[in-house]
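*Asks:* My structure is below; once you've seen it, I'll send some questions.
The values are calculated or read from the model by the stated rules, or taken from the named source; none is laboratory data. Bear in mind that the values here come from a model prediction, so they are computed numbers and not experimental data. Here the Cβ is made from the backbone with ideal geometry for all residues, glycine too, and neighbour counts use every protein chain on show. Only protein heavy atoms, including side chains, enter the accessible area calculation; ligands, DNA and RNA are left aside. Shrake-Rupley method; radii C 1.70, N 1.55, O 1.52, S 1.80 Å.
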Amino acid sequence: MNYRFSLIGYPINHSLSPWIHGQFLMKADLQGNYTINEIEPSKYVENKIKTVMESGIHGFNVTVPYKQKIIPFLDEVDPLADKMGAVNTVANKNGTWIGYNTDGIGYVRSLESKYPELLLDKSQHVLLIGAGGAARGIYSALDHTGFTRIDITNRTKESANEIARLGSPQTTTKTLSLQEAENKLGDYGVIIQTTSVGMKPGVGQSIIKMDNLKSTSIVSDIIYQPLKTKFLMDAKASGASIHLGHTMLLYQAQYAFEIWTGKQVPIDNMDNELQLILEGR
Ligand code: ATR
């Protein structure tokens, strides 16, 4: 078998996915390649997506701006991706096109692999900061993997309320203003930052002040450029444990590769290797 995978999106020329999946193919001892199919938004987008799907490909990833637009092209959508309303991984299973979303589950895997104690205590009080597409995926995945206390804070509270409605009956979710979250930060064992605040070039910015953070908390930021955001540096200065955003890239890809090939490839040293690649940019 010679696997053929691809990525569609725009702009994606700097994507790290070809490197990540190239490593996975080698580690799994499989033949194949992973190519970039940059599709510029235009009136020919549908034709271009169809061309990719008709090219004999085994699976492909989907990124901005096509995570919703891809859905009508598919035969089936996995229930979690359906709940998230977005697909980032498509598998060709004997001619049936199935859509998945590995972003949220990938994120939770990355967090639990760094902090395995979280696997044992799903009643940790989690605070999710932000209510965009990334937050939606992570909220659904936290809920799906059994976390039961997940609050959301966002500049626009209505977006946080919309995500809160996705929770299953056993999950309790309060929505908070950013100011309320700052005041109550000490209530949370896990704090996850999903907004774009603090991303290059806005590196000096942080979405909230960390004055009330407790030192036993785990603080995570999904931004990976820079690798250590101001948000994470403030958390570290308060004695908290931190979790870097680039690991989400590795684990969402690991899960996609597993869907395509049935093989779960260990991440091992790829975490450090990816850090070096990102530091060189
Ligand atoms: P993504 O798909 O990457 O999650 P998104 O859907 O554009 O991106 O969501 C961006 C998130 O960052 C939102 O939670 C947004 O808050 P609003 O819902 O209030 O827009 C948040 N965000 C972006 N810039 C922000 C800023 N300057 N201050 C506070 N929140 C910000």
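*Asks:* Count neighbours as other Cβ atoms within 10 Å of each site's Cβ, and list the trypsin sites (Lys or Arg not before Pro) in segment 184-272 that are DSSP loop with at most 16 such neighbours.
*Replies:* LYS184, LYS209, LYS214, LYS263
*Asks:* Next question. Please list the radius of gyration and Dmax for segment 1-127, considering alpha-carbon atoms only, with Å as the unit.
*Replies:* 16.2, 50
*Asks:* Could you calculate the contour length gain from ASP82 to LYS209, that is, 0.36 nm times the residue separation minus the distance between their Cα atoms, to one decimal place in nm?
*Replies:* 42.3 nm
*Asks:* I've got another one for you. Return the Cα extents of segment 209-281 along principal axes one, two and three, sorted largest first, each rounded to a whole Å.
*Replies:* Extents along the principal axes: 46, 27, 17 Å.
*Asks:* For ILE57 and ASP268, what does the FRET efficiency come to when R0 = 35 Å and r is the distance between their Cβ atoms, rounded to the nearest 0.05?
*Replies:* So, using R0 = 35 Å, E works out to roughly 0.80.
*Asks:* Give me the 1.4 Å probe accessible area per residue for the chain, excluding ligands and nucleic acids, in Å².
*Replies:* 46 Å²
*Asks:* In addition: How large is Rg/Rh for segment 130-187, to two decimals, with Cα atoms and a Kirkwood Rh?
*Replies:* With Rg and the Kirkwood Rh in hand, the quotient comes to 0.95.
*Asks:* Something else now. Would you mind getting the Kirkwood hydrodynamic radius of segment 101-215 from its Cα pairs, rounded to one decimal in Å?
*Replies:* So the Kirkwood estimate lands at 14.3 Å.
*Asks:* For LYS83, list the lysines whose Cα falls under 22 Å from its own Cα; do not include residues on the same chain fewer than 8 positions away.
*Replies:* Within the straight-line cut-off, LYS83 pairs with LYS67, LYS69, LYS93, LYS122, LYS157, LYS174.
*Asks:* While we're on this one: Under the definition of Cα pairs under 8 Å and six or more residues apart, what whole-number percent is the relative contact order of segment 69-193?
*Replies:* Across segment 69-193, relative contact order equals 22 percent.
*Asks:* Same structure again: Amide H of VAL77 versus every other amide H placed in the peptide plane: which residues, excluding those fewer than 5 positions away on the same chain, fall under 5 Å?
*Replies:* Here GLY99 satisfy the definition.
*Asks:* What value, in deg cm²/dmol to 500, does the helix sum -39500 (n - 2.57) over DSSP H runs of n ≥ 4 give at 222 nm once divided by the residues of the chain?
*Replies:* -10000 deg cm²/dmol
*Asks:* Also, quick follow-up: Using the Karplus equation 6.51 cos²θ - 1.76 cosθ + 1.60 (θ = phi - 60°), what ³J(HN,Hα) coupling, rounded to whole Hz, does each residue of segment 152-169 give in order, writing x for Gly and Pro?
*Replies:* Each residue's phi maps through the Karplus curve to give 10, 10, 7, 4, 9, 5, 4, 5, 5, 4, 4, 5, 4, 5, 7, x, 7, x Hz.
*Asks:* For the chain, how big is the tail of P(r) above 33 Å, as a whole percent of Cα pairs?
*Replies:* 22 percent
*Asks:* Just to verify a number: what accessible area does ASP268 come out at with the full protein assembly present, 1.4 Å probe, Å² rounded to tens?
*Replies:* Ignoring ligands and nucleic acids, ASP268 comes out at about 110 Å².
*Asks:* How large is ³J(HN,Hα) for each residue in segment 75-86, as worked out from phi by the Karplus curve 6.51 cos²θ - 1.76 cosθ + 1.60 (θ = phi - 60°), to whole Hz, x for Gly and Pro?
*Replies:* 7, 9, 10, 4, x, 5, 5, 4, 4, 6, x, 8
*Asks:* Residue by residue through segment 114-124, which ³J(HN,Hα) values in whole Hz follow from phi under the Karplus form 6.51 cos²θ - 1.76 cosθ + 1.60 (θ = phi - 60°), with glycine and proline marked x?
*Replies:* Coupling constants for segment 114-124: 7, 10, x, 4, 5, 5, 8, 9, 7, 8, 3 Hz.
*Asks:* State the Cα centre-to-centre distance between segment 231-259 and segment 10-32 in whole Å.
*Replies:* 19 Å
*Asks:* Where in segment 122-149 does the amide nitrogen come within less than 15 Å of the point 7 Å from the Cα of LYS184, taken along Cα to Cβ?
*Replies:* From segment 122-149, the list is 125-130, 149.
*Asks:* Show the residues, 5+ positions off or on another chain, whose built amide H is closer than 5 Å to the amide H of ASP221.
*Replies:* GLN193, HIS243, GLY245
*Asks:* Continuing with this model, one more query. Ranked highest first by average number of other Cβ atoms within 10 Å, how do 45-54, 63-72, 96-105 line up?
*Replies:* The packing order, highest mean first, is 96-105, 63-72, 45-54.
*Asks:* Something else: Relative to the longest principal Cα axis of the chain, at what angle does helix 133-144 sit, 0 to 90 degrees, rounded to 10?
*Replies:* The answer is roughly 80 degrees.
*Asks:* How large, in percent, is the carbon and sulfur part of the accessible surface of segment 168-281 at a probe radius of 1.4 Å?
*Replies:* Percent of accessible area from carbon and sulfur atoms in segment 168-281: 50.
*Asks:* Once you wrap a convex hull around the alpha carbon atoms of segment 54-129, what is its projected area averaged over all directions, in nm²?
*Replies:* Averaging across all directions leaves 6.8 nm² for the Cα convex hull.
*Asks:* Determine the order of GLU279, GLU38 by accessible area, beginning with the largest, at a probe radius of 1.4 Å.
*Replies:* GLU279, GLU38
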